[in-house]
Amino acid sequence: MLRSTLLKLAESKGFAHWVTSNPTTRGMARRFVAGETLDEAVQAARACNNAGMAVSLDCLGENVSTSADAQKVRDTYLQIYDRIAQEDLNANVSCKLTQLGLEISAEFCEGLVLSIAERAAARDNFLRIDMESSIYTQRTVELVKRVRAQTPAVGAVIQSYLYRSESDIHDLLSYGCRIRLCKGAYKEPDEVAYPKKSEVDANYVHLMRLLLSSGFYHAMATHDPLMIAATIRWAAEKRISKDDFEFQMLYGVRTDLQRQLVKDGYRVRIYVPFGTEWFPYFMRRLAERPANLAFFLRNFFRS
Ligand SMILES: Cc1cc2nc3c(=O)[nH]c(=O)nc-3n(C[C@H](O)[C@H](O)[C@H](O)COP(=O)(O)OP(=O)(O)OC[C@H]3O[C@@H](n4cnc5c(N)ncnc54)[C@H](O)[C@@H]3O)c2cc1C
(Lines give C-alpha, C1' and ligand atoms only; values in the text may rest on other atoms or scores of the structure.)
Protein backbone atom coordinates (compact mmCIF):
# COMPACT_ATOMS: atom_id res chain seq x y z
CA MET A 1 0.00 0.00 0.00
CA LEU A 2 2.73 2.44 1.12
CA ARG A 3 4.98 1.30 -1.74
CA SER A 4 2.18 1.88 -4.26
CA THR A 5 1.45 5.37 -2.88
CA LEU A 6 5.11 6.37 -3.07
CA LEU A 7 5.49 5.00 -6.59
CA LYS A 8 2.35 6.90 -7.64
CA LEU A 9 3.73 10.09 -6.05
CA ALA A 10 6.94 9.52 -8.08
CA GLU A 11 4.88 10.45 -11.16
CA SER A 12 3.51 13.70 -9.67
CA LYS A 13 5.04 16.91 -11.06
CA GLY A 14 3.69 19.02 -8.15
CA PHE A 15 5.20 16.73 -5.52
CA ALA A 16 8.44 16.60 -7.51
CA HIS A 17 8.72 20.38 -7.41
CA TRP A 18 8.04 20.43 -3.66
CA VAL A 19 10.65 17.74 -2.91
CA THR A 20 13.38 19.04 -5.23
CA SER A 21 13.12 22.66 -4.11
CA ASN A 22 13.16 21.86 -0.39
CA PRO A 23 16.64 22.05 1.19
CA THR A 24 15.86 19.28 3.71
CA THR A 25 14.68 16.75 1.13
CA ARG A 26 17.53 17.73 -1.20
CA GLY A 27 19.96 16.91 1.61
CA MET A 28 18.27 13.56 2.24
CA ALA A 29 18.46 12.58 -1.43
CA ARG A 30 22.24 12.87 -1.17
CA ARG A 31 22.28 9.53 0.62
CA PHE A 32 21.26 7.86 -2.66
CA VAL A 33 22.46 10.36 -5.29
CA ALA A 34 26.15 11.26 -5.65
CA GLY A 35 25.43 14.90 -6.57
CA GLU A 36 24.06 17.03 -9.36
CA THR A 37 27.27 17.32 -11.43
CA LEU A 38 29.62 14.92 -13.22
CA ASP A 39 32.47 16.22 -11.02
CA GLU A 40 30.62 15.04 -7.92
CA ALA A 41 29.89 11.66 -9.56
CA VAL A 42 33.58 11.26 -10.46
CA GLN A 43 34.51 11.95 -6.83
CA ALA A 44 32.03 9.28 -5.62
CA ALA A 45 33.28 6.83 -8.27
CA ARG A 46 36.88 7.41 -7.19
CA ALA A 47 35.94 6.64 -3.57
CA CYS A 48 34.26 3.37 -4.67
CA ASN A 49 37.30 2.42 -6.77
CA ASN A 50 39.58 3.13 -3.81
CA ALA A 51 37.43 0.75 -1.75
CA GLY A 52 37.95 -1.99 -4.34
CA MET A 53 34.62 -1.61 -6.17
CA ALA A 54 33.84 -0.85 -9.80
CA VAL A 55 31.13 1.67 -10.71
CA SER A 56 28.32 2.22 -13.17
CA LEU A 57 27.60 5.93 -13.70
CA ASP A 58 24.02 6.95 -14.42
CA CYS A 59 23.11 10.50 -15.40
CA LEU A 60 19.58 10.54 -13.98
CA GLY A 61 16.60 11.31 -16.17
CA GLU A 62 13.63 9.61 -17.81
CA ASN A 63 10.71 10.33 -20.13
CA VAL A 64 12.41 13.02 -22.20
CA SER A 65 9.84 14.51 -24.60
CA THR A 66 11.82 16.37 -27.30
CA SER A 67 14.47 15.06 -29.68
CA ALA A 68 16.71 18.02 -28.83
CA ASP A 69 16.66 17.01 -25.13
CA ALA A 70 17.37 13.35 -26.00
CA GLN A 71 20.34 14.44 -28.15
CA LYS A 72 21.67 16.51 -25.25
CA VAL A 73 21.46 13.41 -23.05
CA ARG A 74 23.37 11.42 -25.71
CA ASP A 75 26.09 14.09 -25.70
CA THR A 76 26.32 13.91 -21.92
CA TYR A 77 26.84 10.14 -22.08
CA LEU A 78 29.53 10.50 -24.74
CA GLN A 79 31.34 12.95 -22.44
CA ILE A 80 31.02 10.56 -19.51
CA TYR A 81 33.03 7.88 -21.37
CA ASP A 82 35.71 10.45 -22.19
CA ARG A 83 35.84 11.56 -18.58
CA ILE A 84 36.04 7.95 -17.30
CA ALA A 85 39.06 7.42 -19.57
CA GLN A 86 40.73 10.73 -18.58
CA GLU A 87 40.29 9.98 -14.89
CA ASP A 88 41.31 6.33 -15.36
CA LEU A 89 38.23 5.18 -13.44
CA ASN A 90 37.06 1.60 -13.21
CA ALA A 91 33.56 2.52 -14.35
CA ASN A 92 31.00 1.85 -17.03
CA VAL A 93 27.68 3.58 -17.78
CA SER A 94 23.97 2.85 -17.27
CA CYS A 95 21.16 4.71 -19.00
CA LYS A 96 17.42 4.59 -19.58
CA LEU A 97 15.80 4.45 -23.01
CA THR A 98 13.02 6.90 -22.17
CA GLN A 99 15.81 9.38 -21.46
CA LEU A 100 17.03 8.82 -25.02
CA GLY A 101 13.73 9.37 -26.79
CA LEU A 102 12.12 5.91 -26.75
CA GLU A 103 8.72 7.58 -26.52
CA ILE A 104 9.49 9.82 -29.49
CA SER A 105 10.44 6.92 -31.77
CA ALA A 106 12.22 3.58 -31.34
CA GLU A 107 14.35 4.22 -34.47
CA PHE A 108 15.46 7.64 -33.23
CA CYS A 109 16.28 6.19 -29.80
CA GLU A 110 18.21 3.29 -31.36
CA GLY A 111 20.40 5.72 -33.32
CA LEU A 112 21.36 7.53 -30.10
CA VAL A 113 21.97 4.29 -28.20
CA LEU A 114 24.11 2.94 -31.00
CA SER A 115 26.31 6.06 -30.99
CA ILE A 116 26.76 5.77 -27.21
CA ALA A 117 27.52 2.02 -27.45
CA GLU A 118 30.05 2.69 -30.23
CA ARG A 119 31.81 5.27 -28.02
CA ALA A 120 31.78 2.66 -25.23
CA ALA A 121 33.35 0.09 -27.58
CA ALA A 122 35.97 2.60 -28.78
CA ARG A 123 36.90 3.24 -25.14
CA ASP A 124 36.93 -0.49 -24.38
CA ASN A 125 33.98 0.15 -22.09
CA PHE A 126 30.35 -0.96 -21.72
CA LEU A 127 26.81 0.45 -21.80
CA ARG A 128 24.07 -1.04 -19.66
CA ILE A 129 20.50 -0.27 -20.64
CA ASP A 130 18.39 -0.08 -17.45
CA MET A 131 14.95 -1.66 -17.50
CA GLU A 132 12.01 0.65 -16.82
CA SER A 133 8.32 -0.17 -16.26
CA SER A 134 6.67 -3.06 -18.11
CA ILE A 135 5.13 -0.85 -20.79
CA TYR A 136 8.69 -0.47 -22.15
CA THR A 137 9.95 -4.05 -21.68
CA GLN A 138 9.24 -5.38 -25.17
CA ARG A 139 10.64 -2.28 -26.90
CA THR A 140 13.72 -2.32 -24.66
CA VAL A 141 14.51 -6.00 -25.29
CA GLU A 142 14.05 -5.54 -29.05
CA LEU A 143 16.24 -2.44 -29.15
CA VAL A 144 19.01 -4.00 -27.06
CA LYS A 145 19.06 -7.03 -29.38
CA ARG A 146 19.36 -4.83 -32.47
CA VAL A 147 22.21 -2.79 -30.96
CA ARG A 148 23.87 -5.95 -29.60
CA ALA A 149 23.89 -7.38 -33.13
CA GLN A 150 26.11 -4.41 -34.08
CA THR A 151 28.36 -4.07 -31.04
CA PRO A 152 29.09 -6.30 -28.02
CA ALA A 153 29.49 -3.22 -25.78
CA VAL A 154 25.83 -3.16 -24.73
CA GLY A 155 23.91 -5.16 -22.12
CA ALA A 156 20.41 -5.45 -20.68
CA VAL A 157 18.58 -5.65 -17.34
CA ILE A 158 15.98 -8.26 -16.41
CA GLN A 159 13.53 -7.95 -13.52
CA SER A 160 12.59 -11.11 -11.59
CA TYR A 161 9.11 -9.74 -10.73
CA LEU A 162 7.93 -10.06 -14.36
CA TYR A 163 6.41 -13.35 -15.55
CA ARG A 164 8.01 -12.89 -18.96
CA SER A 165 11.61 -12.62 -17.71
CA GLU A 166 12.75 -16.21 -18.25
CA SER A 167 11.71 -16.06 -21.88
CA ASP A 168 13.46 -12.65 -22.29
CA ILE A 169 16.63 -14.13 -20.81
CA HIS A 170 16.67 -16.96 -23.37
CA ASP A 171 16.04 -14.44 -26.14
CA LEU A 172 18.84 -12.08 -24.99
CA LEU A 173 21.30 -14.92 -24.37
CA SER A 174 20.86 -16.06 -27.96
CA TYR A 175 22.37 -12.65 -28.87
CA GLY A 176 25.26 -13.16 -26.44
CA CYS A 177 23.89 -10.41 -24.23
CA ARG A 178 25.26 -9.72 -20.76
CA ILE A 179 22.44 -9.31 -18.25
CA ARG A 180 21.98 -7.54 -14.92
CA LEU A 181 19.38 -9.34 -12.83
CA CYS A 182 17.35 -7.26 -10.35
CA LYS A 183 13.98 -7.73 -8.64
CA GLY A 184 12.29 -4.70 -10.26
CA ALA A 185 11.48 -1.27 -8.88
CA TYR A 186 8.23 -0.15 -10.54
CA LYS A 187 4.55 -0.47 -9.66
CA GLU A 188 3.27 -3.29 -11.85
CA PRO A 189 -0.18 -4.92 -12.21
CA ASP A 190 -0.73 -8.57 -11.15
CA GLU A 191 -1.29 -9.49 -14.81
CA VAL A 192 2.39 -8.94 -15.62
CA ALA A 193 4.27 -9.30 -12.32
CA TYR A 194 4.35 -11.62 -9.32
CA PRO A 195 2.43 -9.86 -6.55
CA LYS A 196 4.17 -11.66 -3.66
CA LYS A 197 7.73 -10.96 -2.50
CA SER A 198 8.28 -14.71 -1.93
CA GLU A 199 7.47 -15.35 -5.62
CA VAL A 200 9.74 -12.53 -6.83
CA ASP A 201 12.55 -13.93 -4.67
CA ALA A 202 12.02 -17.52 -5.86
CA ASN A 203 12.11 -16.35 -9.47
CA TYR A 204 15.26 -14.33 -8.73
CA VAL A 205 17.04 -17.49 -7.55
CA HIS A 206 15.75 -19.47 -10.55
CA LEU A 207 16.93 -16.80 -13.04
CA MET A 208 20.25 -16.30 -11.24
CA ARG A 209 21.00 -20.02 -11.70
CA LEU A 210 20.10 -19.82 -15.36
CA LEU A 211 22.36 -16.82 -15.90
CA LEU A 212 25.36 -18.07 -13.94
CA SER A 213 25.24 -21.38 -15.80
CA SER A 214 25.09 -19.66 -19.22
CA GLY A 215 28.83 -19.09 -19.56
CA PHE A 216 28.48 -15.31 -20.06
CA TYR A 217 29.54 -12.59 -17.59
CA HIS A 218 26.41 -11.37 -15.76
CA ALA A 219 25.58 -9.16 -12.78
CA MET A 220 23.47 -9.98 -9.74
CA ALA A 221 22.01 -6.66 -8.59
CA THR A 222 20.57 -7.01 -5.11
CA HIS A 223 21.06 -6.02 -1.47
CA ASP A 224 19.12 -9.03 -0.25
CA PRO A 225 21.40 -11.25 1.87
CA LEU A 226 19.31 -14.30 0.91
CA MET A 227 19.73 -13.67 -2.84
CA ILE A 228 23.45 -13.04 -2.31
CA ALA A 229 23.88 -16.24 -0.27
CA ALA A 230 21.97 -18.25 -2.91
CA THR A 231 24.27 -16.84 -5.62
CA ILE A 232 27.41 -17.64 -3.66
CA ARG A 233 26.16 -21.19 -2.97
CA TRP A 234 25.24 -21.83 -6.62
CA ALA A 235 28.58 -20.51 -7.89
CA ALA A 236 30.47 -22.72 -5.44
CA GLU A 237 28.36 -25.79 -6.27
CA LYS A 238 28.85 -25.31 -10.03
CA ARG A 239 32.51 -24.28 -9.68
CA ILE A 240 31.86 -20.88 -11.24
CA SER A 241 34.81 -18.60 -10.51
CA LYS A 242 34.34 -15.39 -8.48
CA ASP A 243 35.74 -13.57 -11.53
CA ASP A 244 32.99 -14.84 -13.85
CA PHE A 245 30.18 -12.68 -12.44
CA GLU A 246 29.70 -9.59 -10.30
CA PHE A 247 27.41 -8.33 -7.60
CA GLN A 248 25.91 -4.88 -8.06
CA MET A 249 24.45 -2.56 -5.42
CA LEU A 250 23.12 0.97 -5.31
CA TYR A 251 25.11 3.94 -4.05
CA GLY A 252 24.26 4.52 -0.38
CA VAL A 253 22.51 1.18 0.20
CA ARG A 254 24.01 -1.57 2.44
CA THR A 255 27.57 -0.26 2.30
CA ASP A 256 28.42 -2.82 5.01
CA LEU A 257 27.46 -5.66 2.68
CA GLN A 258 29.32 -4.05 -0.25
CA ARG A 259 32.54 -4.01 1.79
CA GLN A 260 32.04 -7.54 3.11
CA LEU A 261 31.70 -8.96 -0.41
CA VAL A 262 34.89 -7.18 -1.52
CA LYS A 263 36.64 -8.59 1.54
CA ASP A 264 35.42 -12.07 0.60
CA GLY A 265 36.97 -11.70 -2.86
CA TYR A 266 33.82 -11.06 -4.93
CA ARG A 267 33.57 -8.49 -7.70
CA VAL A 268 31.28 -5.61 -6.68
CA ARG A 269 30.02 -2.74 -8.83
CA ILE A 270 28.22 0.28 -7.38
CA TYR A 271 25.51 2.04 -9.37
CA VAL A 272 26.30 5.75 -8.91
CA PRO A 273 23.47 8.05 -10.03
CA PHE A 274 23.93 11.79 -10.41
CA GLY A 275 22.27 14.80 -12.02
CA THR A 276 19.46 17.24 -11.39
CA GLU A 277 16.65 14.84 -12.37
CA TRP A 278 16.88 12.74 -9.21
CA PHE A 279 13.28 12.91 -7.95
CA PRO A 280 11.75 9.66 -9.40
CA TYR A 281 14.91 7.70 -8.55
CA PHE A 282 14.79 9.00 -4.96
CA MET A 283 11.09 8.08 -4.63
CA ARG A 284 11.76 4.51 -5.82
CA ARG A 285 14.48 4.17 -3.16
CA LEU A 286 12.08 5.43 -0.46
CA ALA A 287 9.41 2.99 -1.66
CA GLU A 288 11.78 0.02 -1.35
CA ARG A 289 12.07 0.25 2.40
CA PRO A 290 9.62 1.59 5.03
CA ALA A 291 12.60 2.59 7.22
CA ASN A 292 13.73 4.99 4.48
CA LEU A 293 10.35 6.68 4.52
CA ALA A 294 10.40 6.93 8.33
CA PHE A 295 13.86 8.54 8.06
CA PHE A 296 12.53 10.94 5.42
CA LEU A 297 9.49 11.97 7.49
CA ARG A 298 11.46 12.27 10.76
CA ASN A 299 14.03 14.58 9.16
CA PHE A 300 11.44 16.53 7.29
CA PHE A 301 9.31 17.34 10.35
CA ARG A 302 12.42 18.08 12.43
CA SER A 303 13.50 20.77 9.92
C1 LIG B 1 22.86 -2.02 -9.38
C2 LIG B 1 21.36 -2.01 -9.43
C3 LIG B 1 20.73 -1.68 -10.62
C4 LIG B 1 19.34 -1.69 -10.68
N5 LIG B 1 18.74 -1.45 -11.89
C6 LIG B 1 17.40 -1.57 -11.98
C7 LIG B 1 16.74 -1.46 -13.24
O8 LIG B 1 17.35 -1.27 -14.29
N9 LIG B 1 15.39 -1.58 -13.25
C10 LIG B 1 14.66 -1.82 -12.11
O11 LIG B 1 13.42 -1.95 -12.18
N12 LIG B 1 15.27 -1.89 -10.91
C13 LIG B 1 16.60 -1.79 -10.82
N14 LIG B 1 17.20 -1.91 -9.60
C15 LIG B 1 16.38 -1.90 -8.35
C16 LIG B 1 15.90 -3.27 -7.96
O17 LIG B 1 14.97 -3.73 -8.92
C18 LIG B 1 15.23 -3.27 -6.58
O19 LIG B 1 14.16 -2.39 -6.57
C20 LIG B 1 16.17 -2.90 -5.45
O21 LIG B 1 17.47 -3.33 -5.68
C22 LIG B 1 15.70 -3.53 -4.14
O23 LIG B 1 15.68 -4.92 -4.26
P24 LIG B 1 16.70 -5.89 -3.50
O25 LIG B 1 17.13 -6.95 -4.44
O26 LIG B 1 17.79 -5.12 -2.87
O27 LIG B 1 15.79 -6.66 -2.44
P28 LIG B 1 14.73 -6.19 -1.37
O29 LIG B 1 14.01 -7.44 -0.95
O30 LIG B 1 13.93 -5.05 -1.85
O31 LIG B 1 15.66 -5.68 -0.20
C32 LIG B 1 16.51 -6.54 0.51
C33 LIG B 1 17.23 -5.75 1.59
O34 LIG B 1 18.09 -4.80 0.96
C35 LIG B 1 18.10 -3.56 1.66
N36 LIG B 1 17.54 -2.51 0.78
C37 LIG B 1 16.95 -2.69 -0.42
N38 LIG B 1 16.60 -1.50 -0.97
C39 LIG B 1 16.96 -0.56 -0.06
C40 LIG B 1 16.88 0.85 -0.05
N41 LIG B 1 16.35 1.56 -1.05
N42 LIG B 1 17.36 1.51 1.03
C43 LIG B 1 17.92 0.83 2.06
N44 LIG B 1 18.03 -0.52 2.10
C45 LIG B 1 17.56 -1.20 1.05
C46 LIG B 1 17.27 -3.78 2.90
O47 LIG B 1 18.12 -4.22 3.91
C48 LIG B 1 16.32 -4.89 2.46
O49 LIG B 1 15.82 -5.63 3.54
C50 LIG B 1 18.58 -1.97 -9.52
C51 LIG B 1 19.22 -2.33 -8.33
C52 LIG B 1 20.58 -2.37 -8.28
C53 LIG B 1 21.24 -2.80 -7.00
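The values are calculated or read from the model by the stated rules, or taken from the named source; none is laboratory data. Small disclaimer: the values here were computed from a predicted structure and weren't measured. Just so you know, the surface numbers come from the protein's heavy atoms only, side chains and all, with ligands and any DNA or RNA stripped out. Shrake-Rupley method; radii C 1.70, N 1.55, O 1.52, S 1.80 Å.
Odds and ends about this structure:
- Pair-distance distribution P(r) for region 204-287, from all Cα-Cα distances in 10 Å bins starting at 0: 16, 48, 26, 10, 0 percent.
- Across every pair of non-identical alpha carbons in region 13-134, the mean reciprocal distance, once inverted, gives a Kirkwood radius of 15.4 Å.
- Only helices enter the 222 nm calculation for the chain: every DSSP H run of n ≥ 4 contributes -39,500 (n - 2.57), and dividing by all residues gives -16000 deg cm²/dmol, rounded to 500.
- Normalised by residue count, region 242-284 yields a Cα convex hull volume of 74 Å³ per residue.
- A Gaussian network model of the chain, with springs between Cα atoms under 10 Å, assigns the largest mean-square fluctuation among GLY176, GLY52, GLY14 to GLY14.
- Using only the C-alpha atoms, the convex hull of region 93-189 corresponds to 85 Å³ per residue.
- Accessible surface of the chain [probe 1.4 Å, protein heavy atoms]: carbon and sulfur percent: 52 percent
- For the chain, the pair-distance distribution built from all alpha carbon pairs, in bins 20 Å wide starting at 0, is 33, 63, 4 percent.
- With Rh defined as the Kirkwood radius, the inverse of the mean 1/r over Cα pairs, the Rg/Rh of region 86-129 is 1.04.
- Per residue, the solvent-accessible area of the chain (1.4 Å probe, heavy atoms of protein chains only, all protein chains present) comes to 45 Å².
- Most mobile listed residue (LEU127, LEU114, LEU210) in the chain, GNM with C-alpha springs under 10 Å: LEU210
- When Rg and Dmax are taken over the Cα atoms of region 156-303, they come to 16.4, 54 Å.
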